[in-house]
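> Sharing a structure below in C-alpha cells format, with a few things to ask.
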Amino acid sequence: MQYLEIEPDQKPKGAVRISGAKNAALPLLASTILSKNSIDIKNLPDVTDINTMLKLLGMLGAKYDKHTHHMSIDGSTIDSTKATYDIVKTMRASILTLGPLLARFGHCEVSLPGGCAIGSRPVDIHLSALEQMGAEITIQDGYILATATDGLKGATIIFDKITVTGSENIIMASSLAYGTSTLINVAKEPEVVQLCEVLSDAGVDIQGIGTDTLTIVGTGQTLLDMKDFAVIPDRIEAGTYLCVGAITNTRMSITHANSTHLEAVLRKFGEMGFGIEIEDDTITIHPTKLILPVHITTTEYPGFPTDMQAQFMAVATQSDGTSVIDERLFENRYMHVAELNRMGANIKVNGSVATIENAPHSLTGTKVMATDLRASSCLILCALMANSTTTIDRIYHLDRGYENLEQKFRDLNIEIKRKRYDKN
Ligand code: EPZ
C-alpha cells in the first residue's frame, strides 16, 4: 500500500503545466464507439481513469495505440456490447458507454455503477431519457439491459436535474438516433461543449452548443466520420494548483490552462484577496496581505464547481475569519472535513453547509486518509501549511485524476514523497 509523505512549510516557486481534462477525455473516448474510422487524440491526461476507459473500450473490441499524452483509436472494430462489473466498479464514468453502445447496436448490457464516497450518484436520469428515445430498459443482476431493436428515436427530453454525464450520454445517443432530439436543461460544462464540438466536426448537426438547450439531428445509426482532436485543459487540475499558491500565499503560475473555463473560481480567489494575472494560457496568482474568508455555494457550470469545493475549504482554513461553503450537488461531499479537523482545522458541518473558522498556521501534520479524488488534493494542500510532517493513505484516489503529481509539485519546488508500507 502506497502513501504520501509531505514535509511542512513548503512554498511553491515558478510554474506548472496543466494536463488535458480527464472529464473531457472520458466522454470523448466513449464517443469513438460511434466512429467509422480511426482518429488521433492529443493532450490526453496520463491518469488511471483514462487507462480504465481504454481497457473497457478494448474489451468491447476497439483497437488503439496509446502513448503517454496522445493516441490513435478505432472504435469501428467494436463487436461486443457488454460493459462488465469488474471494470465499471472501478470507474463510474464507464456508464458513458451506455448511450453510444445502445444507439449503435440497438442493445447493450452495462453494469450499474456502484455508489461512491461522495454520494449515491444514481443514473435514473440517464435511463429515463433513453426510455423516452424508445429504449426498453430492465435491471437484472446489477446490470442495465437496454434494447432498441430498430434503433433509438429522436425525442424532446427535459432533464429533471442538470447531469454532466447524463447529458453526455444522451448527446451521444441522439447523434446516432433516427430523427431529431431536443435536449432541455443540458449541462454546459466545457467538457460537454467539447464533446458537442467533436461530434459536430464528425458531421452531426447540433444546434445550441454551449447553451442549456440542444437540437441534434441523428444519423439513423450511420457511423460518424470522426476527426482528430486535442483534449481541452483540465480546469479542476488548474484550480487545484492555483490553490497551492493561495494556501501558501505565494506567487506562482500555471501554464497551458484555459482561464475562460475558470471564471467562477478565479473570482473567488479575488474575493479572498489574491491577485490573478492572465496572459494567454498562463495564469499567475499573487499573494495577499490578508487571506479573507469566503462564501461558496457549489452549482452547475458556469457557477462554482463542486470539484473545487474541498480545495477551497483547505485554503479557507488559512483565512482571517469564518468561511461558509454550501455543497449543493452531492449529499456526502464532506468526507475530507473529518480529516482536516484531525489536522487541527475547526470545521463544522450542518447538512449541506460547512463553516470553517479561521485557523491560520494552526494545522498539525498527522496521518490522514484520502476519501475521494478531490478530497485527496485538499489534504495535500493542508499538509503544505501544517507545522509537522503529514502522511496521506489511499492515494490511489489521487492517481485517478492528477497526472504525475510528485513531478508537478517538484516543478513547483515542492517535495512530495511517495512511499510504500513494508509488507510485514
Ligand atoms: C460529473 O459527474 C463529473 N465526473 C464529476 O467529477 C463532477 O463532480 C460532477 O459531474 C458534477 O460536476 C465526470 O465528468 C466523469 P452529475 P456526474 O450527473 O456526471 C444527480 C471528479 O472529481 N444525478 O452531474 O456523475 C447526482 O446524484 C468527478 O472528476 C441524479 O440524481 O455528476 C448529483 O447529485 C467527481 N440522477 C447531481 O445529479 C442521475 O441520473 C449531479 O451529478 C444523474 C445525476
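Please treat every number below as a calculation from the coordinates, not as lab data. Note that the structure is a prediction, hence the values are computed from the model and not measured. Note that each Cβ is placed from the backbone with ideal geometry, even for glycine, and that neighbours are counted across all protein chains shown.
> Name the residue from G61, N23, L34 whose Cα lies farthest towards the positive end of the charge dipole of the stretch 17-116, charges +1 on Cβ of Lys and Arg and -1 on Cβ of Asp and Glu.
N23
> Using r as the Cβ-Cβ distance of N413 and E136, and R0 as 60 Å, what FRET efficiency do you calculate, to the nearest 0.05?
Details: r = 58 Å, r/R0 = 0.96.
Plugging the Cβ-Cβ distance into 1/(1 + (r/R0)^6) gives 0.55.
> With r defined as the distance between the Cβ atoms of T84 and T366 and R0 fixed at 60 Å, what FRET efficiency is calculated, to the nearest 0.05? Intermediate results must be reported in sequence, preceding the final value.
Details: r = 39 Å, r/R0 = 0.66.
Efficiency, rounded to the nearest 0.05: 0.95.
> What does the charge add up to near G273, with Lys and Arg as +1, Asp and Glu as -1, over the other residues with Cβ less than 10 Å from its Cβ?
On the way: positive: K289; negative: E271, D320.
After counting each charged neighbour, the total is -1.
> Could you give each residue of the stretch 407-414 its phi-based ³J(HN,Hα) in whole Hz, using Karplus coefficients 6.51, -1.76, 1.60 with θ = phi - 60°, and x for Gly or Pro?
Values, residue by residue: 5, 5, 5, 5, 4, 9, 6, 10 Hz.
> What residues have an amide H closer than 5 Å to that of Y143, excluding those fewer than 5 places away on the same chain, when H is modeled at 1.01 Å from N in the peptide plane?
Amide H neighbours of Y143, under 5 Å, 5+ apart: L112.
> Sticking with this one: With the alpha-carbon atoms as the only input, what is the per residue convex hull volume for the chain in Å³?
Working: hull volume 55.8 nm³, N = 424.
It is 132 Å³ per residue.
> Additional query: With charges only on Cβ, +1 for K and R and -1 for D and E, what is the dipole size of the stretch 173-267 about its Cα centre, in debye, rounded to 20?
Details: 5 positive and 11 negative charges, 70 e Å.
It works out to roughly 340 debye.
> Calculate the dipole size of the stretch 211-281 relative to its Cα centre from +1 charges on Lys and Arg beta carbons and -1 charges on Asp and Glu beta carbons; express the result in debye to the nearest 20. Write out the running numbers ahead of the final one.
Values: 5 positive and 11 negative charges, 46 e Å.
That gives the stretch 211-281 a dipole magnitude of about 220 debye.
> Given the chain, what percent of its DSSP beta bridges are antiparallel, to the nearest 5?
Numbers: 53 of 72 bridges.
Antiparallel: roughly 75 percent of the beta bridges in the chain.
> Hey, how many Å between the Cα centroid of the stretch 44-90 and the Cα centroid of the stretch 241-313?
What the calculation gives is 33 Å, centre to centre.
> Averaged across orientations, what area in nm² does the convex hull of the alpha carbons in the stretch 127-247 project? Please report the intermediate quantities before stating the final value.
Numbers: hull surface 38.4 nm².
Spelled out: convex hull of the Cα atoms, projected over all directions, averaged, 9.6 nm².
> For labels at D205 and E406 in the simple 7 Å Cα→Cβ model, what's the distance in nm?
Distance between the two pseudo-spin positions: 5.5 nm.
> Can you say what percent of the DSSP beta bridges in the stretch 1-154, counting only those with both residues inside, are antiparallel? Round to 5. Could the numbers behind the result be given before it?
On the way: 19 of 21 bridges.
Beta bridges within the stretch 1-154, antiparallel portion: roughly 90 percent.
> Additional query: With θ taken as phi - 60° and the coefficients 6.51, -1.76 and 1.60, list the Karplus ³J(HN,Hα) couplings across the stretch 232-238 in order, rounded to whole Hz; mark glycine and proline as x.
5, x, 7, 5, 7, 4, 4
> If you don't mind, there's one more thing I want to ask. Give me Rg/Rg_expected for the stretch 162-221, where Rg uses Cα atoms only and Rg_expected = 2.2 N^0.38 Å with N residues. Before the final figure, lay out the partial values.
Working: Rg = 10.0 Å, N = 60, 2.2 N^0.38 = 10.4 Å.
Normalised by 2.2 N^0.38 Å, the Cα Rg of the stretch 162-221 equals 0.96.
> What ranking of S38, S80 emerges when the number of other C-beta atoms within 10 Å of each C-beta is taken as an exposure proxy, fewest first?
Details: S38 18, S80 14.
The order, fewest Cβ neighbours first, is S80, S38.
> Given H placed 1.01 Å from N in the peptide plane, which residues other than close sequence neighbours of F304 have an amide H under 5 Å from its amide H?
Amide H neighbours of F304: T299.
> Going by the alpha-carbon gyration tensor, a ≥ b ≥ c the square roots of its eigenvalues, is the stretch 65-218 rounded (a/c under 1.5) or, if a/c is not under 1.5, prolate (a/b greater than b/c) versus oblate? Can you show the working numbers first?
Values: a/c = 1.25, a/b = 1.14, b/c = 1.10.
In terms of gyration-tensor shape, rounded.
> Let me ask something additional. When each pair of different Cα atoms in the stretch 237-340 is counted once in the 1/r mean, what is the Kirkwood radius in angstroms, to one decimal? Don't jump to the answer; show the numbers that get you there.
Numbers: mean 1/r = 0.0724 Å⁻¹.
That comes to 13.8 Å for the stretch 237-340.
> Given +1 on the Cβ of Lys and Arg, -1 on the Cβ of Asp and Glu, and no further charges, what dipole in debye does the chain carry about its Cα centre, rounded to the nearest 20? Display every interim value, and only then the final one.
Details: 38 positive and 50 negative charges, 199 e Å.
About 960 debye.
> Additional query: Going by the alpha-carbon gyration tensor, a ≥ b ≥ c the square roots of its eigenvalues, is the stretch 93-171 rounded (a/c under 1.5) or, if a/c is not under 1.5, prolate (a/b greater than b/c) versus oblate? Walk me through the intermediate numbers first.
Values: a/c = 1.93, a/b = 1.26, b/c = 1.53.
Oblate, since a/c reaches 1.5 and b/c is not below a/b.
> Another question, if that's okay. Does the stretch 1-132 come out rounded, prolate or oblate by the C-alpha gyration tensor, with a ≥ b ≥ c the root eigenvalues, rounded set by a/c under 1.5 and, if not, prolate when a/b is larger than b/c and oblate if not?
Details: a/c = 2.31, a/b = 1.46, b/c = 1.58.
Judged from the Cα gyration tensor, the stretch 1-132 comes out oblate (a/c at least 1.5, b/c at or above a/b).
> Can you work out the Karplus-derived ³J(HN,Hα) for every residue in the stretch 134-148? Use 6.51 cos²θ - 1.76 cosθ + 1.60 with θ = phi - 60°, whole Hz, and x for glycine or proline.
x, 6, 9, 10, 10, 9, 9, 6, x, 10, 8, 9, 10, 9, 8
> Also, quick follow-up: What are the trypsin sites (Lys or Arg not before Pro) within the stretch 262-318 that DSSP puts in a loop, where the Cβ has at most 13 other Cβ atoms within 10 Å?
Details: sites: R267, K268, K289; in loops: K289.
Qualifying residues, ordered by number: K289.
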